[in-house]
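Inspection log for the structure reproduced underneath, given as structure tokens.
The values are calculated or read from the model by the stated rules, or taken from the named source; none is laboratory data. Since the structure is predicted, the reported quantities are computational estimates derived from the model, not experimental observations. Here Cβ is always computed from backbone atoms with ideal geometry, including for glycine, and neighbour counts include all displayed protein chains.
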Amino acid sequence: MVYALGVLISFAILAAIFIGIQAAGQSAGWGTQNQNPYFQVALMAIVFVFALSLLGVFEITLPGMDAASKATSRGGYGGSFFGGIFAFLMAISCTGPFLGAALPFAMKLPPTLIMLFFLMIGLGFAFPFILIGMFPKALKIIPKPGDWMVLFKELMGFVLLYLVYTMLKTTLALTGGLYLVNVIFYLLIVGFAVWLYGKFVRFEYSRATQWFFSILALVLIVAASWYYLPIKEEHLAAEIAAPVGDEMVQSPHAPDGWYVFSPQLHSKLLAEGKSVFLDIGAEWCKNCKSNEKTVLFTEDIMQDFAGKEVVLLKGDFTRKDPVLLEWITAHDRLGVPFNALYIPNEDAIVFPELLSKGMVREALTKVPKTGV
């Protein structure tokens, strides 16, 4: 139940942010917090610390706690609460099935109903844990504790380290290689700090020793954050990109045959009688990457596009892009992944968030063979 509370409070805060942005007359997109490098690094550090904890580098205890049972009783509720917040942060990068279509509708509602809408999302997100809280006997379904739990915990630690790797790639896309070096060294210091914490903040040591190393670990993390994380102008040099008009420019984020999207190019192609498939994604969007690897960038689907002479356009929403956000919201969506097929003199075919090859092929049957 405490886990569910963490989830619900997180969604309530997100709803308040959307309501505030809406009241200010600004456009809001789902997952756009991932376009902020500081958010990426903060979340990355949290995931990294979770991974080290699962791998046994440290366990969270409070200085002066001389009994493991006390630590468990105090840490259990806090751990569950922050576990709910952590799950929320990891889940909101992309829009999912049904949610992508429902969000634009919700954003047109009064503030009270927007808050209710987000709380219902949070309730659904936490529903399995609420069920377990209401019916504790359901825990009997879970296998009994044993060595398998230690192995599973350590395996999950490596899964989280893989997530850290994907976040490093996103940070590189948002900033540049120089800042990425700073972030990697920052994570090294964070790892050393939590190792000190786990090594010396234990009930077998004196209270003074525990407090000393707790404060030392905190000072190391704060000092490293102050020194290594501020983003300087040279870190953002890679953010400057040449403007694209109606020229065909090969996309750097897709295989050959995909071109950088711009509204001008899109209009020009349709005016020439050509059909267009548009994929807008982001480096931080797991659903986008899944769609690309399993459907859009596969050899057989690329051949299907070529057979219908469909022009492929790619929009990169990794960084803030008002043009892409305006395009997405104009189609009654709030975030990525966004995929649509445009046929001259026809309404756009907007796809669900999760693609399949069957969906794409069915839509392509509506494209004239010559593309006109």
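Miscellaneous remarks
- Some residue of region 308-317 being of a type in the set (Lys, Arg), at pLDDT 90 or above and in contact with a Leu (Cβ under 6 Å, 6 or more places away or on another chain): yes
- Count of region 128-158 residues which are in a helix (DSSP H, G or I) and either in contact (Cβ under 8 Å) with a residue 24 or more places away in the chain or among the small types (Gly, Ala, Ser) (or both): 9
- Looking across region 227-259, the residues that are of a type in the set (A, V, I, L, M, F, W, C) and either at pLDDT below 95 or over 25 Å from the mean Cα position of the chain (by Cα) (or both) come down to Leu229, Ile231, Leu236, Ala237, Ala238, Ile240, Ala241, Ala242, Val244, Met248, Val249, Ala254.
- Residues that are over 22 Å from Leu196 (Cα atoms) and at pLDDT below 80 number at least 1 in the following helices (runs of 4 or more DSSP H) confined to region 1-120: 2-23, 68-91, 99-107.
- Residue match in region 276-288 (condition: more than 29 Å from Thr171 (Cβ to Cβ) and either surrounded by fewer than 21 Cβ atoms within 10 Å (Cβ to Cβ) or assigned by TED's automatic domain parsing to the domain that holds Gln33 (or both)): no
- Residue ID - surrounded by the fewest Cβ atoms within 10 Å (Cβ to Cβ), chosen from residues in region 341-372 that are small (Gly, Ala, Ser) and closer than 14 Å to Val295 by Cα: Gly358
- Criterion: part of a loop (DSSP other than H, G, I, E, B), closer than 30 Å to Pro37 by Cβ and touching a residue at least 40 places away in the same chain (Cβ under 8 Å) - qualifying residue of Trp327, Trp284: Trp284
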